[in-house]
1. Within the P(r) computed for chain A, what percentage of the Cα pairs occupies the region above 29 Å?
2. Tell me the relative contact order for the stretch A:160-268 as a rounded percent, counting alpha carbon contacts under 8 Å between residues six or more apart.
3. Which of A:LYS25/A:LYS108; A:LYS218/A:LYS379; A:LYS19/A:LYS101; A:LYS107/A:LYS264; A:LYS379/A:LYS472; A:LYS19/A:LYS305 have a Cα-Cα distance over 28 Å?
4. Could you work out the relative contact order of chain A? I mean the mean sequence separation of Cα pairs under 8 Å and 6+ apart, divided by the number of residues, in percent.
5. Among the trypsin sites (Lys or Arg not before Pro) within the stretch A:34-132, which fall in a DSSP loop and have no more than 16 other Cβ atoms within 10 Å of their own Cβ?
6. Mind checking which of A:THR96, A:GLN78, A:VAL188 is farthest towards the positive end of chain A's charge dipole, using Cβ charges of +1 (Lys, Arg) and -1 (Asp, Glu) about the Cα centre?
7. Rounded to the nearest 20 Debye, what is the dipole magnitude of the stretch A:69-178 about its Cα centre when Lys and Arg each give +1 and Asp and Glu each give -1 at the C-beta?
8. Please sort by residue number the GluC sites (Glu not before Pro) in the stretch A:389-440 whose DSSP state is loop and whose Cβ has at most 14 other Cβ atoms within 10 Å.
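The values are calculated or read from the model by the stated rules, or taken from the named source; none is laboratory data. Not measured: the values here are computed from a predicted model. Virtual Cβ from ideal backbone geometry, glycine too; neighbours counted across all protein chains shown. Keep in mind that these areas ignore ligands, DNA and RNA; they rest on the heavy atoms of the full protein, side chains included. Shrake-Rupley method; radii C 1.70, N 1.55, O 1.52, S 1.80 Å.
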Amino acid sequence: MQIKELLLQSPSQQTVTVKGWVRTKRVSSSVAFIAMNDGSTIHNIQAVVSDGAVSEETLKLVTTGSCIAVTGILIPSQGQGQSVEVQVSAIQVYGTADPEKYPLQPKKHSLEFLREIAHLRPRTNTFSAILRIRHALAFAIHQYFNDHGFFYLHTPIITGSDAEGAGEMFRVTTLPAINPPLTEDGKVDYKEDFFGKETNLTVSGQLEGELGAMALSKIYTFGPTFRAENSNTTRHLAEFWMVEPEMAFFELTDNMNLAEDFTKSLISYALENCADDIAFLEKRLLEEEKMKKKEEQSEMTLSEKLRFVSENTFERLTYTEAIDILLQSKPHKQGKFNYPVAWGIDLQSEHERYLVEKHFKKPVILTHYPKDIKAFYMKLEDDGKTVRAMDVLFPGIGEIIGGSQREDNYEKLLQRTKEVGIEEDSIWWYLQTRQFGSAPHAGFGLGFERLVLFVTGMSNIRDVIPFPRTPKSAEF
RNA sequence: UCCUUCUUAGCUCAGUCGGUUAGAGCACAUGACUGUUAAUCAUGGGGUCCCUGGUUCGAGCCCAGGAGAGGGAGCCA
C-alpha cells in the first residue's frame with residue numbers, strides 16, 4: 001500500500017507492509033524511529049522498532065537513503081506529528097546506502113548542489129513536491145482540453161522546415177561528423193542524409209497544429225520542443241515542454257478568453273489537488289523570504305498569489321496603450337529604464353515587469369503588437385501596422401503565453417513570407433490551408449515549465465523539470 | 001553571447017595586513033539516553049584551499065590565463 005493511502009487509514013490490528021526510502025532514523029536505547037517516504041505524498045510514515053523486534057545487524061543497514069520494506073501493525077501514534085505509525089515486526093532491506101557516501105543528508109541542501117545530483121534530488125521533499133505538481137498540471141491540461149472538445153494532436157518532433165523562426169534549431173542527422181558527403185560546391189550534401197534533406201528538432205508544433213485545426217476544429221499539442229539558443233537565464237531551457245492549442249473559428253478575443261480561462265483553471269486544479277505540496281513549498285518560500293531584505297519580500301504567500309491569479313480578471317490592453325503607460329511612468333520620466341521607450345520597440349523585461357508587477361499588479365494580456373516585431377503568420381490588423389497578437393505576462397515569470405489570430409488570407413500570408421524571407425517551397429503545405437477552405441483561426445503556446453515555475457513558486461526553471469537541458473549541460 | 005559575483009571538509013560557510021600547525025555549524029562514526037519528529041548530549045575521524053602559470057624569503061589571500069557555478073541582460077515559451 002502506498003504511504004499516501006496508509007496515512008489515511010484508521011489504526012487496526014491488520015498487518016501492513018510499507019516500502020520506501022529511509023529519510024531519517026532516530027535511535028534511543030530501547031526504541032528506534034524510521035521516517036520513510038515512497039514519493040506518493042510529501043508526508044513520511046513513521047516506523048517504530050521496539051527493542052529486539054529486529055536484529056541489530058539489520059537495523060544497522062537502515063540508514064538515510066536506503067530502501068526497505070517494513071512489516072508490522074498500523075497503530076495509533078503515541079507521539080506528536082502523525083496519527084498512525086507502523087509497529088514493526090520485520091524489516092527487509094532492498095538496497096543499502098553507505099552513509100559516508102550518500103550525498104543527501106537529513107539537512108537543508110542548496111538548489112545548486114541538488115542540480116548537480118539531479119539523479120537523486122527527486123528523493124527530497126522539495127523536488128518530489130515539484131514533480132507531483134508538475135504531473136498534476138500535465139494531467140489537468142489534458143483534462144481541460146478533453147472537457148472542452150479539443151483533440152490531442154501529435155505533431156512531429158523531427159521537422160523538415162525551419163520556417164517558424166522561433167529560434168536556433170538543433171540539427172538532426174545521421175551523416176558522419178568527419179568527412180560527410182559533399183556537394184560539388186563543397187557544402188554538406190543533405191540529399192545523402194537519412195531523410196534526404198536537412199532536418200531539425202522542432203521549435204514549435206504550431207504550423208502542424210494549424211493543419212489539424214483546419215480539420216478537427218479544436219486541437220492541442222503538448223510535447224517537447226527544442227531551442228539551440230545560447231540562453232543562460234532562469235527562464236530558458238534548450239529542451240522544454242510546450243502546450244499549443246489551435247482553434248478554427250476563434251478570433252483574437254476568443255483566444256484571449258481561452259488562454260485566461262485555461263491558465264486559471266490549471267492553477268485552481270493545483271490548489272485543489274496539490275494542497276499538501278503547495279503548503280510545503282509555501283513554507284519553504286517563507287523561510288527563504290526571511291533571508292531577503294524587507295522591500296524585496298513578496299506581499300503574498302504562494303497560495304495567496306495562486307488564488308489571487310485564479311480569481312481575478314487578467315488586465316487586457318493593446319501594445320499602444322502599454323507604451324503610453326510606460327511613457328507616463330515614473331521610471332521613464334526619471335530615466336530609470338535601461339532601454340528607451342517608443343512605439344515600435346520590442347518591450348524589454350524591465351518594461352514588462354513594470355506593467356505587471358508595479359502598474360497593474362496582476363497578469364496582463366498585451367495585444368496588437370507592431371507587425372515588424374512579430375512572426376509572419378500573425379493576422380494583420382486593418383490599420384496595416386499591427387497584428388492580432390497576444391502575450392500573457394505573469395508576475396515574476398514574464399511571458400508565459402504567446403499567441404495570435406493567424407493570417408487566414410492567402411495573398412496577405414504569402415506577402416508576409418516574402419517580406420521575412422521564407423521560401424515558398426519550404427512551407428507550401430502550410431500556405432495551401434489558406435487556399436483550400438481557409439478559416440479564421442487562432443492559437444497560443446504556453447511554456448509548461450513557466451507554468452510549473454509559477455505554481456511551485458520556484459525561481460529557476462532548471463528546478464521544475466527533472467533533468468534540465470541547458471547550454472553546456474546535458475548530464476543524466 | 002555580454003555584464004557581474006563566486007569556487008576552502010560530504011554540505012553551508014568563516015578565514016584579519018601575504019606569515020609558520022586552515023576553522024565553525026551541520027552531516028558521518030562511536031558512546032550515552034524508555035517515544036523521537038532535521039531528537040538531544042559527549043567524543044572522534046575527515047582538506048589537491050577549482051586548475052595552470054607567475055610575483056614573493058613565504059600565497060587559501062596578490063597577478064595572468066583557463067574551467068565550473070550563481071545572478072542580471074539579450075533571444076523567447
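1. The answer is 59 percent, as a whole percent.
2. 24 percent
3. Details: A:LYS25/A:LYS108 17 Å; A:LYS218/A:LYS379 19 Å; A:LYS19/A:LYS101 23 Å; A:LYS107/A:LYS264 35 Å; A:LYS379/A:LYS472 38 Å; A:LYS19/A:LYS305 36 Å.
Beyond 28 Å: A:LYS107/A:LYS264; A:LYS379/A:LYS472; A:LYS19/A:LYS305.
4. On the way: 840 pairs, mean separation 64.9, N = 476.
Relative contact order of chain A: 14 percent.
5. Of the trypsin sites (Lys or Arg not before Pro), the ones in loops of the stretch A:34-132 whose Cβ has at most 16 other Cβ atoms within 10 Å are A:LYS101, A:LYS107, A:LYS108.
6. A:GLN78
7. Details: 9 positive and 9 negative charges, 62 e Å.
Charge dipole of the stretch A:69-178: 300 debye, to the nearest 20.
8. A:GLU423
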